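Asks: Have a look at this one.
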Amino acid sequence: MVEVTIGLVADHANVTREGKLNIFGTFDKIYAQSVPAQHPHMVLVWIFEADRSEANREHKLTIELIDEDGEKIFSVEGNMGFGSPPEGEYKVKGNQIFELNNSTFKKYGQHEFKILINGEVRKSIPIHITKPLQSTHA
């Protein structure tokens, strides 16, 4: 089975040529003066782990963004694949970065990114759209 061990939203992420995952500016709230609100750039980052038996074949990947009323804001589908783990290891591990530009949120409240692999939710990542905190200075 392919599992998602870590999932988060950040300002930026990259993977070095040595395979190190760098994540910058993680967040779970977007402050918006009004809605609909557009967020210029963010990345959805996740780390997957799979058994050797899952290697060398395609897996259906779906990423959804759902609002708190269950309305699907968007859904993207594709395929992912990976090779076998090194000799003597039983698990394959990998880093995934999905860039989102100009995402629009129609209303305030809890939203959720869902990562589905082969039709099953493997990770839910919450993000809250909220009004900015009001200053109490006179």
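Asks: From the list Phe113, Phe98, pick out the single residue that is open to solvent by less than 20 Å² (accessible area, probe 1.4 Å) and under 15 Å from Leu8 (Cα atoms).
Replies: Going through Phe113, Phe98 in turn, the sole match is Phe113.
Asks: Still on this structure: For residues that are in contact with a strand residue (DSSP E or B) (Cβ under 8 Å, 6 or more places away or on another chain) and free of Cβ contacts under 8 Å to residues at least 40 places away in the same chain, tally how many sit in region 113-123.
Replies: 1
Asks: Output yes when any residue across region 71-94 is assigned to a strand (DSSP E or B), touching a residue at least 40 places away in the same chain (Cβ under 8 Å) and open to solvent by less than 60 Å² (accessible area, probe 1.4 Å), and no when none is.
Replies: Scanning region 71-94, I find at least one residue that is assigned to a strand (DSSP E or B), touching a residue at least 40 places away in the same chain (Cβ under 8 Å) and open to solvent by less than 60 Å² (accessible area, probe 1.4 Å), so the answer is yes.
Asks: Additional query: Give the residues of region 41-65 that are open to solvent by 20 Å² or more (accessible area, probe 1.4 Å) and within 18 Å of Pro126 (Cα to Cα), sorted by residue number.
Replies: His41, Ile47, Glu64
Asks: Same structure again: So Arg17 clears everything in (1) out of contact with any Ser or Thr (no Cβ under 6 Å at 6 or more places or on another chain); (2) over 16 Å from Phe98 (Cα atoms); (3) in contact (Cβ under 8 Å) with a residue 40 or more places away in the chain except one condition, right? Which one?
Replies: Answer for Arg17: the failing condition is (3).
Asks: Out of Ala10, Ala32, Ala55, I need the residue that is at pLDDT below 95 and hydrophobic (A, V, I, L, M, F, W, C). Which one?
Replies: Testing whether each residue is at pLDDT below 95 and hydrophobic (A, V, I, L, M, F, W, C) leaves just Ala55.
Asks: Just wondering, is there one or more residues in region 34-41 that are of a type outside the set (Val, Ile, Thr) and in contact with a His (Cβ under 7 Å, 6 or more places away or on another chain)?
Replies: Scanning region 34-41 turns up no residue that is of a type outside the set (Val, Ile, Thr) and in contact with a His (Cβ under 7 Å, 6 or more places away or on another chain).
Asks: Something else: Within region 1-56, which strands (runs of 3 or more DSSP E) (wholly inside it) include 3 or more residues that are closer than 15 Å to Lys114 by Cα?
Replies: 2-15, 37-51
Asks: Is it the case that Gly25 is without any contact (Cβ under 8 Å) to a residue 40 or more places away in the chain, in contact with a strand residue (DSSP E or B) (Cβ under 8 Å, 6 or more places away or on another chain) and on the phi > 0 side of the Ramachandran plot?
Replies: Yes, satisfied.
The values are calculated or read from the model by the stated rules, or taken from the named source; none is laboratory data. Just so you know, these numbers come straight off a predicted model, no measurement behind them. No Cβ is skipped: glycine too gets one built from the backbone with ideal geometry, and neighbour counts run over all protein chains shown. Calculation scope for accessible area: heavy atoms of the full protein, side chains included, ligands and nucleic acids excluded. Shrake-Rupley method; radii C 1.70, N 1.55, O 1.52, S 1.80 Å.
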